[in-house]
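Encoded as structure tokens, the structure appears first; notes follow it.
Read-outs throughout are calculated quantities, based only on the coordinates presented, and are distinct from any laboratory measurement. Since the structure is predicted, the reported quantities are computational estimates derived from the model, not experimental observations. Here the Cβ is made from the backbone with ideal geometry for all residues, glycine too, and neighbour counts use every protein chain on show.
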Amino acid sequence: MPLAVMIQGTASDVGKSVLVAGLCRIFAQDGMRTAPFKSQNMALNSGITPDGKEMGRAQIFQAEAAGIAPDVRMNPVLLKPTSDCQAQVVLMGKVASNMDAVSYHNYKPQLRTQIQQTYQSLASEYDVMVLEGAGSPAEINLRDRDIVNMGMAELAECPVILVADIDRGGVFAAIYGTIALLLAHEKWRVKGVIINKFRGDKALLYSGIEQIEALTGVPVLGVMPWLKVDLEDEDSVVLERGKYDEVTPKDIDVAVIQLPYMSNFTDFNALAAQPDVRLRYVTQPHELENCDLIILPGSKNTLSDLQWLRERGLEPTLHAHHRSGGMVVGICGGYQMLGRHIYDSVESELAEMPGVGLLDVTTHFASVKTTTRVVGRTLPGGISAEMAYDIAGYEIHMGETQRGPHVRPFARLEVCNAQPYDSLDGATDESGNVLGTYLHGIFDNGEFTRALIDNLRVRQGLAAWSGERFDYQQYKQQQFDILASAMRENIDIARIYQIMHEHQEQPCT
């Protein structure tokens, strides 16, 4: 078996996903074939593997950090909430069923053997495995059927490093309380602690670190500072923490409507990273005033989110923006909402609903989910001006959309899941100001995105961007390197290697 280590947290959103990505990068830089693994992910942020399987985006960006292609075995179970009590269960990249929380909790023991076999299959191909937990291992009400924290660490026979977020306060209580609630054989696995998101002078922490090490018997392996590193977040909780509350004015203002069941919010990271774009997430009509582009994102419950949009009074603002010549883009569920009508017998208790009506399209939901990675080319005209651009992206949807006579397709798709393909995607209206597409990741395509932004600049009376061309893929690689460098500087990586080797030689029985 390869070397392995698992990153668990004292709570959700303590930075586990990012630190796993950093370790993947470090081990890959050191010449080790490295893969991430998270047995169960709960998120509306997902992506598609090269062979058309759906998995959590966190493991996809961790695979990018390791320099490898995403593999559905890195995230065998994905839970996508459809309401407060229901979730779609995606097993090995395909929809298995919809379950409520109690039903899924009772179902988890049936998954243990498959998860263990999946992990072993993936691990047999790599030198190092970096595992990620979920929430906290101290969720004692879930311990008996745990498959993602200590339960997974036992299946993988690997040591655990506990991550605690000092920015939210109470870091030493969180560390002590988490370890105190573990059973003896679980405590044995915890070989180190990382304190994350620290701001200030580390000297102020030293006395606390000495005391927590004495109290728990577990060494603190490092204190990570609050990093200004631009990487994908696992879920949209970061929006609630104000990650995109940027007040610095930029030439172009983009507003994304923050739907309650918004999916794949990382679609817009590439836009937010553009040097002349300010990107905001909004929930109120007045927040859409004076923006250059409004985006309706994807949704895991399209009709429910469309109803919410109407209740918030956002629909008239969308129409006013369009009448004034403003641009509107809908991605996946947002594309469906922009149409004339949606018929749904799959996602929502609502059977049908009229759409916003900015695009002459109609959507019928189906029980079979489309999960594809595609390559194609935009068709000239519309929102990205008169040129055609090479594009790539991925589709995750359960609807089929028919175009009416008053729209034209957005793009021709030529490759699907690495196979030759010929299909049309999306729609643009006759004014050229409204675009709908099923393609997630559309803004990762640099030439297309630059053309779109320059079109917005020209409308504002500004010249096209004359600065250095922005390469988002190169930018992401730079961010991974910045993260890895900071972790080498602030965490005892040599000790982590030692922990993995010691555990490989003498695993717990």
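Just to confirm the number: angle between the C-alpha axis of helix 493-505 and the first principal axis of the chain, 0 to 90 degrees, nearest 10?
Relative to the chain, helix 493-505 is tipped by roughly 70 degrees.
What's the long-distance tail for the range 1-56, i.e. % of Cα pairs beyond 14 Å?
Values: 1007 of 1540 pairs.
Percent of Cα pairs beyond 14 Å in the range 1-56: 65.
Would you work out the charge dipole size for the chain about its Cα centre, treating the Cβ of every Lys and Arg as +1 and the Cβ of every Asp and Glu as -1, and quote it to the nearest 20 debye? Intermediate values should be presented prior to the final figure.
Working: 44 positive and 64 negative charges, 70 e Å.
That gives the chain a dipole magnitude of about 340 debye.
Which value at 222 nm does the chain reach when only helices count, each DSSP H run of 4 or more adding -39,500 (n - 2.57), with the total divided by all residues and rounded to the nearest 500 deg cm²/dmol? Working shown, then result.
Details: 16 runs with 154 residues, N = 509.
Only helices count here, giving -9000 deg cm²/dmol.
Would you mind counting up the charge near Leu182? Only other residues with Cβ under 10 Å from its Cβ, with Lys and Arg at +1 and Asp and Glu at -1.
Details: positive: Arg143, Lys187, Arg189; negative: Glu186.
Its environment carries a net charge of +2.
Work out from phi, with θ = phi - 60° and the Karplus expression 6.51 cos²θ - 1.76 cosθ + 1.60, the ³J(HN,Hα) of each residue of the range 263-271, listed in order in whole Hz, and give x for Gly and Pro.
10, 6, 5, 6, 3, 9, 4, 5, 5
In whole Å, what are the extents of the chain along the principal axes defined by its C-alpha atoms, from largest to smallest?
Dimensions of the chain along the principal axes of its Cα atoms: 69, 47, 43 Å.
Could you tell me which of rounded, prolate or oblate describes the range 1-136, using a ≥ b ≥ c as the square roots of the eigenvalues of the alpha-carbon gyration tensor, with rounded for a/c under 1.5 and, failing that, prolate when a/b is larger than b/c and oblate otherwise?
Working: a/c = 1.76, a/b = 1.59, b/c = 1.10.
It is prolate, given that a/c is not under 1.5 and a/b is the larger ratio.
R0 = 30 Å: FRET efficiency of His286 with Gln307, Cβ-based, nearest 0.05?
Numbers: r = 20 Å, r/R0 = 0.68.
That pair, His286 with Gln307, gives E of 0.90.
Taking 0.36 nm per residue of separation and subtracting the Cα-Cα distance, what length does fully extending Val229 through Gln114 add? Can you show the working numbers first?
Values: separation 115, 0.36 × 115 = 41.40 nm, distance 3.56 nm.
That pair, Val229 and Gln114, stretches by 37.8 nm at full extension.
Which percent, to the nearest 5, of DSSP beta bridges fully inside the chain are antiparallel? Let's see the in-between values first.
Working: 48 of 94 bridges.
The answer is about 50 percent antiparallel.
Excluding Phe27 itself, calculate the net charge of residues whose Cβ lies under 10 Å from the Cβ of Phe27, where each Lys or Arg counts +1 and each Asp or Glu counts -1. Before the final figure, lay out the partial values.
Values: positive: Arg25, Arg33; negative: Asp30, Asp127.
My count for the surroundings of Phe27 gives 0.
Report ³J(HN,Hα) in whole Hz for each residue of the range 449-458, in order, from the Karplus equation J = 6.51 cos²θ - 1.76 cosθ + 1.60 where θ = phi - 60°; Gly and Pro get x.
Working through the residues one at a time gives 5, 5, 5, 4, 5, 5, 4, 5, 5, 4 Hz.
Among DSSP beta bridges lying fully in the range 252-461, give the percent that are antiparallel, nearest 5.
Details: 33 of 53 bridges.
That works out to approximately 60 percent antiparallel.
What residues qualify as long-range amide H neighbours of Tyr389, i.e. H under 5 Å apart, gap of 5 or more or another chain, H built at 1.01 Å from N?
Thr378
Evaluated at 4 °C with a viscosity of 1.567 mPa s, what Stokes-Einstein diffusion coefficient in µm²/s does the range 106-237 have when Rh comes from the Kirkwood expression over alpha-carbon pairs? Write down the numbers at each step before the final one.
Values: Rh = 16.5 Å.
Estimated diffusion coefficient is 79 µm²/s.
Taking θ = phi - 60°, what integer Hz values does the Karplus form 6.51 cos²θ - 1.76 cosθ + 1.60 yield along the range 299-308, in sequence order, with x for Gly and Pro?
8, 8, 9, 4, 5, 4, 5, 5, 4, 4
Greater than 21 Å separation of Cα atoms is the criterion. Which listed pairs, Lys80/Lys369; Lys250/Lys300; Lys38/Lys94; Lys80/Lys108, meet it?
Values: Lys80/Lys369 13 Å; Lys250/Lys300 31 Å; Lys38/Lys94 16 Å; Lys80/Lys108 16 Å.
Those over the limit are Lys250/Lys300.
Measuring from centroid to centroid over Cα atoms, what is the spacing of the range 178-204 and the range 475-508 in Å?
16 Å
Once the other residues with Cβ under 15 Å from the Cβ of Gln419 are scored (Lys, Arg +1; Asp, Glu -1), what is the net sum? Numbers along the way, then the final one.
Numbers: positive: Lys53, Arg373; negative: Asp51, Glu395, Glu414, Asp422.
Charge balance near Gln419 sits at -2.
For a quick check: with amide H placed at 1.01 Å from N, whose amide H comes under 5 Å from Asp230's, ignoring anything fewer than 5 positions away on the same chain?
It is none; the list stays empty.
Which order do His440, His185, His319, His397 fall in if you start with the one that has the fewest other Cβ atoms within 10 Å? Mind dumping the intermediate values first?
Working: His440 26, His185 11, His319 14, His397 23.
Neighbour counts put them in this order, fewest first: His185, His319, His397, His440.
For Val220, enumerate residues with amide H under 5 Å from its amide H, sequence gap 5+ or separate chain, H modeled in the peptide plane.
Val193
Once you have the Cα-Cα distance between Ser207 and Gln477, take 0.36 nm times their residue separation minus that, and quote the gain in nm to one decimal. Walk me through the intermediate numbers first.
Working: separation 270, 0.36 × 270 = 97.20 nm, distance 3.68 nm.
Length gained, Ser207 through Gln477: 93.5 nm.
If one computes the Cα centroid of the range 420-438 and of the range 90-166, what distance in Å separates the two points?
Cα centroid to Cα centroid, the span is 39 Å.
Mind pulling the angle between the C-alpha long axis of helix 472-490 and the longest principal axis of the chain? Nearest 10 degrees, somewhere in 0 to 90.
The answer is roughly 20 degrees.
Going by alpha carbons, how many degrees (0 to 90, nearest 10) lie between the helix axis of 206-216 and the longest principal axis of the chain?
70 degrees
Taking other Cβ within 10 Å of each residue's Cβ, how do Thr113, Thr372, Thr10 sort, fewest first?
Working: Thr113 10, Thr372 20, Thr10 26.
With the fewest neighbours first, Thr113, Thr372, Thr10 line up as Thr113, Thr372, Thr10.
Based on Cβ point charges of +1 for Lys and Arg and -1 for Asp and Glu, what charge dipole magnitude is obtained for the range 409-509 about its Cα centre, in debye rounded to the nearest 20?
On the way: 8 positive and 15 negative charges, 59 e Å.
Taking the Cα centre of the range 409-509 as origin, the dipole is about 280 debye.
Could you check how many percent of all C-alpha pairs in the range 252-461 are farther apart than 25 Å? Before the final figure, lay out each step's value.
Details: 6665 of 21945 pairs.
When every Cα pair of the range 252-461 is considered, 30 percent fall beyond 25 Å.
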